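Below: one structure, written as structure tokens.
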Amino acid sequence: MHLPTARLDISDTGLATLTLTQAQRGNPVDGEFIQHFKTLCLTLWDTPGLRAVLLRADGPNFSVGGDLKSFYPQRDQLAPLVRHWTSDFHMALQRLWQLPVPIVAEVQGFAMGGGVAMMAGCDVVVASQSCKIGSAFANIGFSCDSGSSIVLTARMGAARAKRFVMLGQMLDSQQALQSGLVDQVVPDADLSKEALAVATRLAAGPTVALGEIKRLFLKASAIEMQALFEDEALTLARVSSTQDAQEGIAALVEKRKPVFQGR
């Protein structure tokens, strides 16, 4: 299935490849992408013989995260937009991450914001040596969304994940590997080959057993995913109405340092 912002290809062996296809824009998360992503994630649940998923992106960057430039003209009315977008994006992510098959993420270039959450919720993350992974929510006066509080805590531990988000840190591939944010770092030229090899190996594995392992570890995390997703969405909607959030977006688009007032 090929949509304007993403495509889904299924091999004869049951390996699904979900590709973000807005390479020239850095594969941003915006309203159009969210609708297409949701459609493809739901399609995966109805794919007969599915045994593994490879999540990847065309172009030099995995995903730059939210398209803040699209927020700029309506930054004083962000709360309804945030509630609308997150309702669909959060549902799509839940459906993706809870698939009863392994999911491998192939990450190159920049992965930011919601793009980080997308990859971090996957079972195995293979990253290129030159990749940069960052959280910029706090830098623009936003709280985190896209399940970041869930998947970053699961991968990095609560204290490290909180520091990553609060300080708006940018990690190189080795820092991401050491923190648990990615599982394997490979030379840039080998990324696609290595990620496909991992996904192919998992697709040839004991699918039912691997699915049950996923379910048990999700349960063991003791996180009520649906409730925390909703909390993230409503919190971001509330925070996006603050003067600081509007200043953060304006400063980013206007290419200047934000001046936060604490309100």
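For the condition out of contact with any strand residue (DSSP E or B) (no Cβ under 9 Å at 6 or more places or on another chain), hydrophobic (A, V, I, L, M, F, W, C) and more than 22 Å from G248 (Cα to Cα), what is the one hit in A105, A138, A195, A154?
Checking each option against the conditions leaves just A154.
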Inset, instruction - Report, by residue number, each residue of the range 43-73 that is assigned to a helix (DSSP H, G or I), among the hydrophobic types (A, V, I, L, M, F, W, C) and touching a helix residue (DSSP H, G or I) at 6+ places or on another chain (Cβ under 6 Å). - result: L68, F71
Inset, instruction - Take the range 130-164 and flag every residue that is within 19 Å of L78 (Cβ to Cβ), over 14 Å from the mean Cα position of the chain (by Cα) and without any contact (Cβ under 8 Å) to a residue 60 or more places away in the chain. - result: A138
Inset, instruction - Could you tell me which of the residues P80, P102 is of a type outside the set (D, E) and buried (at least 17 other Cβ atoms within 10 Å of the Cβ)? - result: P102
Inset, instruction - Give the residue, chosen from A154, A158, A117, that is within 30 Å of R263 (Cβ to Cβ), of a type in the set (A, V, I, L, M, F, W, C) and surrounded by fewer than 24 Cβ atoms within 10 Å (Cβ to Cβ). - result: A158
Legend entry - Breaking point among (1) outside any helix (DSSP H, G or I); (2) touching a Gly at 6+ places or on another chain (Cβ under 7 Å); (3) closer than 29 Å to E247 by Cα, for H90: (1)
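Of A222, A237, which residue is under 30 Å from P80 (Cβ atoms) and either modelled with pLDDT under 95 or of a type in the set (V, I, T) (or both)? Lay out the reasoning, then the answer.
Working: A222 fails: under 30 Å from P80 (Cβ atoms).
The unique qualifying residue is A237.
Do you know which residues across the range 41-69 are among the basic types (K, R), more than 16 Å from G121 (Cα to Cα) and at pLDDT 95 or above?
Here is the first cut: in the range 41-69, the residues among the basic types (K, R) are 51, 56, 69.
Then drop every residue that is not more than 16 Å from G121 (Cα to Cα), which leaves 51, 69.
Matches in the range 41-69: R51 only.
The values are calculated or read from the model by the stated rules, or taken from the named source; none is laboratory data. Since we're looking at a predicted model, the values are computed, not measured. Backbone-built Cβ (ideal geometry, glycine too); neighbour counts: all protein chains shown.
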